[in-house]
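Below is one structure, written out as structure tokens, with a few remarks after it.
The values are calculated or read from the model by the stated rules, or taken from the named source; none is laboratory data. All of these numbers come straight from a predicted model, not from anything done at the bench. All Cβ positions, even for glycine, are placed from backbone atoms using ideal geometry, and neighbour counts span all protein chains on display. Just the protein is used for accessible areas: all its heavy atoms, side chains included, with ligands, DNA and RNA removed. Shrake-Rupley method; radii C 1.70, N 1.55, O 1.52, S 1.80 Å.
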Amino acid sequence: MGWSELREIPNEYSDEVQRIDEQLLKLVAARKDITGAVQYQPPQNTIDEWVSLLDMKEEDIRYVLRSVQPMPQRHYFPSEALQLTSVVPIMKKMIKDSCKYMITHSMQYEGESLVYVEIQYKGNEAERIQMVPHLALEIFSEQRYITMRHGSRGGGGETQISFRVVPALPSSLENVRFSLIPSIPEMEYKVEEIILDKQVDFD
């Protein structure tokens, strides 16, 4: 007896849902006809209005909008190891909601950059805090960039995040602006958590 004979997979797809899906796809196609290869992002005040109007979380709204943007962030993989060419200091700082955010520097490679962000919790009882940074990096410039989460480390009230940026950032960042925006945990690489809670005796 096969697994399929034991359990039937439910499919609640209906004509009503199909009509909605078709409308969504038509709207996505119409949006791409207008935007072409340019990434269009609504301002924060528009996002805030939609959160209230649609009763949706900001990260869910951004997820939907990112999914219809050209050059999706998670689809870029370098074909080979790249050579480090230089290090560009950035040193952008901002304090918000008891946290100090610092974009420290960019490691410049052939064709891409790695941008490093440090976050420090400055509120009370920092020793009891465990920060979980669901953040993505947005870059505003005449040049279009793909950005994607590259890695993170830290614990407690401090954390560091690195982002891959394609193509590489210029050596002069005078006309480049950076923002950290809510990201979607589903798009991030998930690691398996191993709990070490057993006694270990050494001879």
* Restricting the search to region 117-143, which residues are open to solvent by 70 Å² or more (accessible area, probe 1.4 Å) and not in a loop (DSSP other than H, G, I, E, B)? -> E127, R128, F140
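The rows are residues; the columns are (1) within 27 Å of Y40 (Cα to Cα); (2) touching an Asp or Glu at 6+ places or on another chain (Cβ under 9 Å); (3) not β-branched (V, I, T).
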| position | (1), (2), (3) |
| --- | --- |
| V87 | no, no, no |
| I139 | yes, no, no |
| N175 | yes, yes, yes |
| E193 | no, no, yes |
| D203 | no, no, yes |
* Structure fact -> When region 22-70 is checked residue by residue, the ones that are open to solvent by 70 Å² or more (accessible area, probe 1.4 Å), hydroxyl-bearing (S, T, Y) and farther than 16 Å from S179 by Cα are S52, Y63, S67
* Asked: So how many residues does region 71-97 have that are surrounded by 12 or more Cβ atoms within 10 Å (Cβ to Cβ), at pLDDT below 90 and over 20 Å from the mean Cα position of the chain (by Cα)?
  -> 1
* Residue check: is M107 within 30 Å of G155 (Cβ to Cβ), assigned to a strand (DSSP E or B), modelled with pLDDT of 80 or more and open to solvent by 50 Å² or more (accessible area, probe 1.4 Å)? -> no
* Asked: Checking Y101 against (1) in contact with a helix residue (DSSP H, G or I) (Cβ under 7 Å, 6 or more places away or on another chain); (2) crowded, with 16+ Cβ neighbours inside 10 Å, which single condition isn't satisfied?
  -> (1)
